[in-house]
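S.K.: Handing you this structure, nothing more for now.
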Amino acid sequence: MKFVLADNIAPYIDLSVADNAWTVWFFALLFTLRIYFDFAGYSFVAVGIASFLGVKLTVNFLAPYTSQSINEFWRRWHITLSTWFRDYVFLPLMGSNKKWAAFYLFLTFTLSGFWHGAAWNFIIWGAYHGALLLVLRYLGRPFYGLMGNYLPRPQIVSWFLTFTSVTLGCLFFMETNSRRLLTKLLTIITPGAYSWENLQAVFGSYSINEASALLFILGLSLFVLLMEHLAVWQGKFEYDLLLSRWLSPILLALTILLAANTPSEFIYFEF
């Protein structure tokens, strides 16, 4: 995950482009994939080493990118940290005063942004996810409870809305330049920034070899995400398939062949 997927996606991400809405979304999508494969790879390395020592660690991710809602996403993403903030921040703050539960939920997520760093982008990221949960709880559920019989929502729509929301959150997370972040936010809400010329610019910036390599890595990423989803849906450990006698040597060979020439440090080493 880390060496084959995250490290091969990283060189394609350019934070400097802020005036093309398609490009802003595309790089945010790439970063969304990169941070997951980077952090999940780091976590599974820890799980694997611990298992050699006879210690069983909590699996930190349960196919979060196939979640149908933000609530479900946070039940599947960075489970150990989410559980810690729930047990040692949210519940002690709230106590028996459930009237202030919404405020304490928002505060908890904002503090989770501080955990990643004191920069404004992390604080905004935490507050953004807290606000999403409140919107879903106090507006989304009542709306679909009232209109659900008249306005059916296919699972693909729920997934798309959730994943798009997570991708927008990753835009906050990856952009450390506050002024450029504001420019990007203004760009993605500007209709003219979605022109056909801007869309062509996204694909025209890569050579045929670069585009082919990126498409291959994205296809491999999609395969991994779907494999995780099927395993969680079937109630199995996500990577049982990879432990088979015939597939493990193939994956080892692919890791050696496809590992990035210039591997980077784990993103979460910064935190």
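The values are calculated or read from the model by the stated rules, or taken from the named source; none is laboratory data. Please read these numbers as outputs of a predicted model, since none were measured by experiment. Every residue, glycine as well, gets a Cβ built from its backbone with ideal geometry; the counts of neighbours run over all protein chains shown.
S.K.: Can you tell which of Thr58, Thr83 is more than 22 Å from Val224 (Cβ to Cβ) and among the hydroxyl-bearing types (Ser, Thr, Tyr)? Before you say what the answer is, go through the steps one by one.
M.R.: Working: Thr58 fails: more than 22 Å from Val224 (Cβ to Cβ).
Step by step, each of Thr58, Thr83 is checked, and only Thr83 is more than 22 Å from Val224 (Cβ to Cβ) and among the hydroxyl-bearing types (Ser, Thr, Tyr).
Residues checked against (1) under 17 Å from Leu168 (Cα atoms); (2) acidic (Asp, Glu); (3) surrounded by fewer than 16 Cβ atoms within 10 Å (Cβ to Cβ); (4) not assigned by TED's automatic domain parsing to the domain that holds Glu228:
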position	(1), (2), (3), (4)
Lys2	no, no, no, no
Phe27	yes, no, no, no
Ser43	no, no, no, no
Ile49	no, no, yes, no
Phe90	no, no, no, yes
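S.K.: Check Thr108 against each of (1) closer than 19 Å to Ile35 by Cα; (2) buried (at least 17 other Cβ atoms within 10 Å of the Cβ) and name the one condition it does not meet.
M.R.: All conditions are met except number (1).
S.K.: For segment 87-139, which residues satisfy the criterion of being without any contact (Cβ under 8 Å) to a residue 24 or more places away in the chain and under 20 Å from the mean Cα position of the chain (by Cα)? Reasoning before the result, please.
M.R.: Initial filter on segment 87-139 (without any contact (Cβ under 8 Å) to a residue 24 or more places away in the chain): 87-101, 103-104, 107-108, 110, 113-114, 118, 123, 126-127, 135, 139.
Within segment 87-139, Thr108, Thr110, Gly113, Phe114, Ile123, Gly126, Ala127, Val135 meet the criteria.
S.K.: I'm trying to understand the selection: among the residues of segment 120-163, which are assigned to a helix (DSSP H, G or I), at pLDDT below 85 and more than 27 Å from His229 (Cβ to Cβ)? Step through it out loud before you land on a result.
M.R.: So the first thing to find is which residues in segment 120-163 are assigned to a helix (DSSP H, G or I), and the list is 120-147, 155-163.
The next check asks that each one be at pLDDT below 85; those that pass are 137-147, 155.
Once the filter is applied, which keeps residues that are assigned to a helix (DSSP H, G or I), at pLDDT below 85 and more than 27 Å from His229 (Cβ to Cβ), segment 120-163 yields Tyr138, Leu139, Pro142, Leu146, Met147.
S.K.: Further, regarding this structure: Which of the helices (runs of 4 or more DSSP H) found entirely inside segment 164-236 contain at least 3 residues meeting this: exposed (fewer than 12 other Cβ atoms within 10 Å of the Cβ)?
M.R.: Numbers: elements: 178-188, 196-204, 208-233.
Those helices (runs of 4 or more DSSP H) span 196-204, 208-233.
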